[in-house]
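Trainee: There's a structure below that I have some questions on.
The values are calculated or read from the model by the stated rules, or taken from the named source; none is laboratory data. Every value quoted in this text rests on a predicted model; they were computed, and no experiment measured them. For neighbour counting, all protein chains shown are included, and Cβ atoms are generated from backbone atoms with ideal geometry for every residue, glycine included.
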Amino acid sequence: MALRVVWLLESRAELMQLLWLILRVLVKWQRSRKQEIKEETEPGVEAVADASSVKGAASKKQKQEKQQRSRKDKPTQHTFSHPLLAASLKGHSGNVTCFDFSSNGKYLASCADDRTVRIWSTKDFLDREHKCLRANVELDHALLVRFSPDSRFVASCGFTPDVKVWEVCFGKGGEFREVARAFDLKGHSAGVHSFAFSNDSHRMVTVSKDGTWKLWNTDVEYKKQQDPYLLKTVPCTSSDGSRIALSPDGRVVAISSGCNVAMYDATSGKLEEELQGVHSEEITDLRFDINGRFLVSSGDKAIRVFHNAPGYRAAIRDMNDMLKKAQNEAMKQRLQQQIKEAQSALDLALAAPAN
């Protein structure tokens, strides 16, 4: 019995030693495992640092490339030379959007997105220096500038719903002295696409994004602050990208929209003619000739010339009205002859084959 107790005690001691040994092995293994995990994670941190470094270098390189592109894209002053180049008119600080010559050929008007209209003398074209008169455009820049046929006025329009008109003032010797504000055409509710003068500048027409065209009486005493009179407002079939023209005698209004042209009687506002698909691309300009016989349009690669049939009809109508009121025989005979000539011209235009 005593031997068995001793054996049990010895066995328990051996068991405790075994457990202690296992525990030491476990602790050692755990420490070893932690070290391995640490060694495995440390290269990962370094890899992240390396990736961050690479990313930073790439970002720096992209920034440098962007700066280089910015320097390359920065606009430089355009230089041009050619044996035939007579002059370069420099004065605008923005891009020039339009220009026009006066009817007498003495002046050139230009407008730009610097919100100015400038008047240049064509006799100075061959001089070393080119002086100009400047007029400021309020609120926004002009897209279109035009001289009146008598060269008394220059006008511009753009994104605002009005047309600004200036008087070109001359000195006693005939030299131009200044550009003074004459009047504004106000009444549209959206930007004005285009405008035109009659031959004597007593009438003007405007066409706007608001879908209407307007006829104005501009024969006013603007120096006494008298404003132009609005004579008529007529809805357009379409006013997108429109151009407008007024016949020299003020009887016919022509309006382009896209590739089409509409012709109206200026007095009644009645639509007289519709010309569809005149050009394959949007019409870029629309004008009557100086005598009012033809309407001319430009677009694509062609210039189209049309007989002004509505103009002949309006002239015949007006002369018939005058004939009824004529009091002497000489006046009646003259009007009858003019009516006959106008009717013959109209018949010839309507009978002419299309080219």
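Trainee: Report whether or not SER239 is in contact with a Gly (Cβ under 7 Å, 6 or more places away or on another chain), surrounded by fewer than 22 Cβ atoms within 10 Å (Cβ to Cβ) and at pLDDT below 95.
Mentor: yes
Trainee: Next question. Is at least one residue of segment 302-309 of a type in the set (A, V, I, L, M) and more than 31 Å from the chain's Cα centre (by Cα)?
Mentor: The answer is yes, given that some residue of segment 302-309 is of a type in the set (A, V, I, L, M) and more than 31 Å from the chain's Cα centre (by Cα).
Trainee: Go through (1) surrounded by fewer than 21 Cβ atoms within 10 Å (Cβ to Cβ); (2) under 20 Å from HIS202 (Cα atoms); (3) at pLDDT 80 or above and name the single condition PRO161 misses.
Mentor: It is condition (2) that PRO161 fails.
Trainee: State whether one or more residues within segment 145-153 are part of a strand (DSSP E or B), at pLDDT 80 or above and touching a Cys at 6+ places or on another chain (Cβ under 6 Å).
Mentor: no
Trainee: Separate question: Only residues that are touching a residue at least 12 places away in the same chain (Cβ under 8 Å), of a type in the set (A, V, I, L, M), closer than 15 Å to VAL252 by Cα and part of a strand (DSSP E or B): list them for segment 272-308, please.
Mentor: Once the filter is applied, which keeps residues that are touching a residue at least 12 places away in the same chain (Cβ under 8 Å), of a type in the set (A, V, I, L, M), closer than 15 Å to VAL252 by Cα and part of a strand (DSSP E or B), segment 272-308 yields LEU275, LEU286, LEU295.
Trainee: Additional query: Please pick out the residue among PHE306, PHE294 that is among the hydrophobic types (A, V, I, L, M, F, W, C), surrounded by 15 or more Cβ atoms within 10 Å (Cβ to Cβ), in contact with a Ser or Thr (Cβ under 8 Å, 6 or more places away or on another chain) and within 23 Å of SER103 (Cα to Cα).
Mentor: The conditions single out PHE306.
Trainee: Then there is this: Note down all Cβ pairs under 7 Å where the first residue falls in segment 250-268 and is buried (at least 21 other Cβ atoms within 10 Å of the Cβ) and among the hydroxyl-bearing types (Ser, Thr, Tyr), the second is modelled with pLDDT under 90 and assigned to a strand (DSSP E or B), and they're at least six residues apart or on different chains.
Mentor: If the second residue must be modelled with pLDDT under 90 and assigned to a strand (DSSP E or B), the pairs left are SER256/ARG243; SER256/LEU286; SER256/SER297.
Trainee: Here is a further query. When you scan segment 202-222, how many residues do you find that are surrounded by fewer than 22 Cβ atoms within 10 Å (Cβ to Cβ) and touching a residue at least 12 places away in the same chain (Cβ under 8 Å)?
Mentor: The number of residues fulfilling the criteria is 9.
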